[in-house]
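So the structure is just underneath, and the comments pick up after that.
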Amino acid sequence: MGTYSLDYGDKESGGKLTSFIDRDVNPNANYLDKCGECTNMIVSFMHEVTPYSIASTIKGGSLGKGTAVKGKSDLDILFVVNDIKSIEDLMKKLKQIKHELHNALCCGSFSSVNGPLSQEEKKRRRQLKKNKPFKVSNIRRTPFTVSFTMTLPNGTSMPVDLIIVPNLPKSGPHGKFSREDLTNIYQQMKAHPEQRDYFAKCVSPLQVSFVKDVPEKVKRAIRLTKYWAKTNKHKLPSYAIELLAIKTYEDFNRPEPGGITEKKIVNAIFTQLKDCKNIKIEWNTNYNLDDYERPDGPYIMDPANPYHNLFRPKTEKYWINRNESESVILSEPDISRIESDAAIALESMH
């Protein structure tokens, strides 16, 4: 594959886009099995060592959505904690919890949150540390996560982000947020800008469900576009690509799998990316953008969060960590390079 193009084979001699996706882009069963093994080990370990009551664990990111690119995806795991019932509570406790997570990963156990440990508990924690089934390296704390690389005894390595979220009230079916719950959350975000990033983690399961159930043909187009973006080191977020592909599919009136080709979807995606300074994408699935702050273009609005524009992920107005914001905001040169490279990729497909 060329640096900027989508040169997936000699088209005259039978090179096919589908073959390229299968060979170089889609995660194979072995890769997915390794990801599953890493997930199970982390979840099991956290349940063993944490003094907190974990309501549920949610696999987020591209692996949770089913859009992972082979060898280019991280593992995001959300832990919904019963002991934290509000954003205010999370804001007070998150720093300490991240510290304890760091200790647990380095030392094999959490520090005590309920007074001195008994001798029996100390012995149990020593055993956990001794028998921890994976190694941890490159551990660091971000404003909302603990990130590290885990390595299994068989040599499998996987970048991991652990995210703690509160167990906010949910009145919808199957323990999910109802429309009323979400309206309350969005009104809180509107009234308290300093809380928006905290709430953003709480609604991330909505991002997973929005993407997870799209047809596999759309996911294959998503993975190919992600592969192109990662290969060319574009700052375009993976979630932005997912949403752009979904909107493209909707613009084709959601055809049945046999009614549209992957190439047609990918062509339409790159056609938009070559003019991405004019992209304006939104949904009214969970909110009406007119009730919040409609951004200037370009924008791809997160259907789970009325304050999350994937083209301008953060603004100084409510960004908590300024240094991190500088690395994720798409500048004008970034957008121009995306447009130029997308035009080359599009040309190479014809």
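What is the set of long-range amide H partners of ARG312 at a cut-off below 5 Å, with H atoms built 1.01 Å from backbone N? So ARG312 has HN proximity to ILE300. Eigenvalues of the alpha-carbon gyration tensor of region 11-348, scaled by 5 and square-rooted, set the equivalent ellipsoid semi-axes at 36, 25, 18 angstrom, largest first.
When the C-alpha to C-alpha distance is required to be over 24 Å, the pairs from LYS16/LYS277; LYS170/LYS226; LYS247/LYS277; LYS70/LYS235; LYS176/LYS212 that qualify are LYS16/LYS277; LYS170/LYS226. Note on region 266-312: Kirkwood hydrodynamic radius from all Cα pairs is 11.2 Å, rounded to one decimal.
Using the average count of surrounding beta-carbon atoms within 10 Å as a protection proxy, the listed peptides 202-213, 25-36 rank, highest first, as 202-213, 25-36. For the chain, the 222 nm mean residue ellipticity estimated from helices alone, with every DSSP H stretch of n ≥ 4 adding -39500 (n - 2.57) and the total spread over all residues, rounds to -14000 deg cm²/dmol. Computed from backbone phi, the HN-Hα couplings of region 263-276 come to 4, 5, 5, 4, 4, 5, 5, 6, 4, 6, 5, 6, 10, 6 Hz, rounded to whole numbers (Karplus: 6.51 cos²θ - 1.76 cosθ + 1.60, θ = phi - 60°; Gly and Pro given as x). Expressed to the nearest 5 percent, the antiparallel share of DSSP beta bridges inside the chain is 70 percent.
Values quoted throughout were computed directly from the atomic coordinates according to the rules given, and no laboratory measurement underlies them. Please read all numbers here as calculations on a predicted model, not as lab measurements. As a convention, Cβ positions derive from the backbone with ideal geometry for all residues, glycine included, and neighbour counts pool all protein chains shown.
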